[in-house]
Amino acid sequence: MLSRFNAFVMAFGLTLSAPMAVVSGAQAQGVGQTVGAATAIAPRLEFSAPEMDLARAVAGWPGVAAFYGENGLRPVFGGIEGQARREAVIAAVESAHLHGLPAARYDLPGLRQANADSIAGEALFARVAAQYMRDVTSGAINPARADAQIHRTINRPNVAALLGELVKSPDPKGFILSQGPKDPRYLALQDALASRAGLMAPPGAPLAPKGLWRTGMRDPAIPDLRARLASIGFNAAQPLDPSEYDAALSDAVLQFQEAAGLPADGVAGPMTINRLNGGPDGQTRAILVAMERMRWMNGHDLNARHVWVNIPEYIARIYDGGQQVFQTRVVVGKTDSDMRTPEFSDQMEYVVVNPRWNVPRSITVKEYLPRLQKNRYAVSHLDIIDGRGNVVSRDSIDFGRYSASSFPYRMRQKPSEDNALGLVKFIFPNPWNIYLHDTPSKHLFGESSRAYSHGCIRIGDPFDLAYALLSQQTDNPQRMFQRALDSGNEQWLSLKPNLPVHLVYFTAMAEPSGEIRFYRDIYGRDARVWDALDKAGLELAGQSD
């Protein structure tokens, strides 16, 4: 049965001015045709003026509108009965900085001043609750807008359902504060952020004056230094002369320096002042971005067995039940814009033993065609294949007549130990033709920075990875793999069941101990995600009153 509110929303374009709005029979019939002939609609649909006002106030938020449609357009945040819900929403917004969320978008001052019994106040609380729960469960930004090579499918929550659960909960505050990832890696990042955020002054705190300040000095700007330190918990007793840099202030500076990992001498020099006045440092930004990335993963079952490739770490792992059961070094795509390894998740379906290498078109025309035009016998380890799949003699081809766009052939390498893919590849079909594979270039795994491929991921221990993957379907994965290898022919081994694979990009990642390790932002993606969070209104140290 079509709800009254949904019928109204679908009958858009209606102008209402009377205390009770009426939808005509003809309009109702049109609505019925929109949702299907089987839907029964009453000849007249009536809405009170407050109902219409609330409908208009939330019309721009589909999830919120759907909630009120299912709730009969009844306010839920006003009055005594809505007090606990209002307090829950305010508490969530006050804690947004603990998740590294853009607190500015949640309008805390507006919530505190809102008349919750008004339509505007009701709509504000509903919209903020919906926005906060959406952000904390699945991320505050659209990753594809931050970087085109992030192909992350975000599992956004059902906002209407979440609002319904919030309203029904006997503990609204507990419910809304429980939203967000539960993965131990996220919680470790959250702990690390809390320890660093404590050193960040809140918005509105005075800036510490530039200079070199030491005990005994006097200056009218010194009270600002004292106030900024006090805003983050490093209090110094007020001297008789507030402009004096006294022993108590020196001690407060010393404590801040120790907490911030700076040389601790109690002298407020340029390094200390910059740290006091600055925004989050590079590592703190990495933690904030990593938390956002973990929120993007929140719809995936990371407790299930899966492959996890962290691109800037140059490491691939298998996790099972939240525990690491396999690890190997990898080589990832070069830093050139068209060779970077993209981020996405998919299902690994095949282990391909003795693979042939079908040379990507981009490599064929950009790298090999110019060499063939100089020497037709260049890259002789590769066969040239025509449109019918036949091997073509190089002597029959005039390479000089072709351009990159007109070259009609493709290139392929037979299975061998010297094959560019080595002796095994791991396939998870995807639009970007990215896969994991062996390589004859083993020396690269000894490098600390391993961004050398054209985008695919080379595996340091490919046989061991194959054994680990096949172990879920046979008691003797080594024998299964070796039989395929000994055939000398390309063999496709189906994985049963398929295994989730996540190509991720974390420059800050928690160890099982909870320690955070940091990695270089090799593609500059974290910087772009940070910029997007910053534009969304990120405030690390919380919110001003």
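A few comments on the model shown:
- Read-out semi-axes √(5λ) of the Cα gyration tensor in Å, derived from the coordinates shown; its label in [x] 51, 40, 22; [y] 57, 32, 28; [z] 37, 30, 20: [x]
- Euclidean distance of C-alpha centroids, region 305-335 and region 220-255, integer Å: 48 Å
- Computed over the chain: relative contact order in percent, which uses C-alpha pairs under 8 Å that are six or more apart: 17 percent
- MRE, 222 nm, helices only [DSSP H, n ≥ 4, -39500 (n - 2.57), over the chain, to nearest 500]: -10500 deg cm²/dmol
- Top positive-direction residue, dipole computed over the chain with Cβ charges, set VAL58, PRO342, GLY266: PRO342
- In nm, spacing of pseudo-spin labels at ALA260 and LYS374 (7 Å Cα→C-beta vector): 5.5 nm
- Percent of Cα-Cα distances greater than 13 Å, calculated over region 359-413: 55 percent
- In this structure the amide hydrogen of ILE315, modeled in the peptide plane, comes within under 5 Å of the amide hydrogens of ASN310, VAL330, none closer than 5 places in sequence on its chain.
- The charge dipole of region 64-166, taken about its Cα centre with unit charges on the Cβ atoms of Lys, Arg (+1), Asp and Glu (-1) only, comes to about 280 debye.
- Using C-alpha pairs below 8 Å separated by at least 6 residues, the relative contact order for region 399-508 is 18 percent.
- Region 359-413 - charge dipole about Cα centre, Lys and Arg +1 at Cβ, Asp and Glu -1, debye rounded to 20: 120 debye
- Top positive-direction residue, dipole computed over region 359-413 with Cβ charges, set MET411, VAL365, HIS381: VAL365
- C-alpha long axis of helix 477-486 to longest principal axis of the chain, angle in °: 40 degrees
- Span from the region 342-409 Cα centroid across to the region 59-127 one, whole angstrom: 58 Å
- Under the Karplus curve 6.51 cos²θ - 1.76 cosθ + 1.60, θ = phi - 60°, whole-Hz ³J(HN,Hα) for region 336-351, x wherever Gly or Pro sits: 4, 4, 9, 10, 6, 5, x, 9, 5, 10, 7, 10, 6, 10, 9, 10
- Along region 378-395 the Karplus relation, 6.51 cos²θ - 1.76 cosθ + 1.60 evaluated at θ = phi - 60°, assigns HN-Hα couplings of 5, 6, 5, 6, 10, 7, 9, 10, 8, x, 8, x, 8, 6, 10, 5, 5, 5 Hz to successive residues, with x for each Gly and Pro.
- Low-density loop positions, chymotrypsin sites (Phe, Trp or Tyr not before Pro), region 308-415 - DSSP coil, at most 11 other Cβ in 10 Å: TYR377
- The value of relative contact order for region 359-413, using C-alpha pairs under 8 Å at least six residues apart, is 47 percent.
- For LEU495, the residues 5 or more places off, or on other chains, whose built amide H falls under 5 Å of its own are TYR350, VAL351.
- Within region 147-188, backbone nitrogen closer than 16 Å to the virtual label 7 Å beyond the Cα of SER362 toward Cβ: 148-151
- Cα pair distances in region 160-291, grouped into 5 Å bins until the bin that holds the longest one, percent each: 2, 10, 17, 17, 13, 10, 9, 7, 6, 5, 3, 1, 0
- Inter-centroid distance (Cα atoms) of region 144-192 relative to region 435-494, Å: 36 Å
- For the chain, the number of Lys pairs with C-alpha atoms closer than 16 Å, counting only pairs eight or more positions apart or on separate chains, is 4.
- Lys, Arg +1 and Asp, Glu -1 on Cβ, resulting dipole of the chain about Cα centre, debye, nearest 20: 1720 debye
Readers should treat all values here as calculations from the given coordinates under stated rules, not as data from a laboratory. Quick caveat, the model's predicted, so the values are computed rather than measured. Cβ: placed from backbone, ideal geometry, glycine included. Neighbour counts: every protein chain shown.
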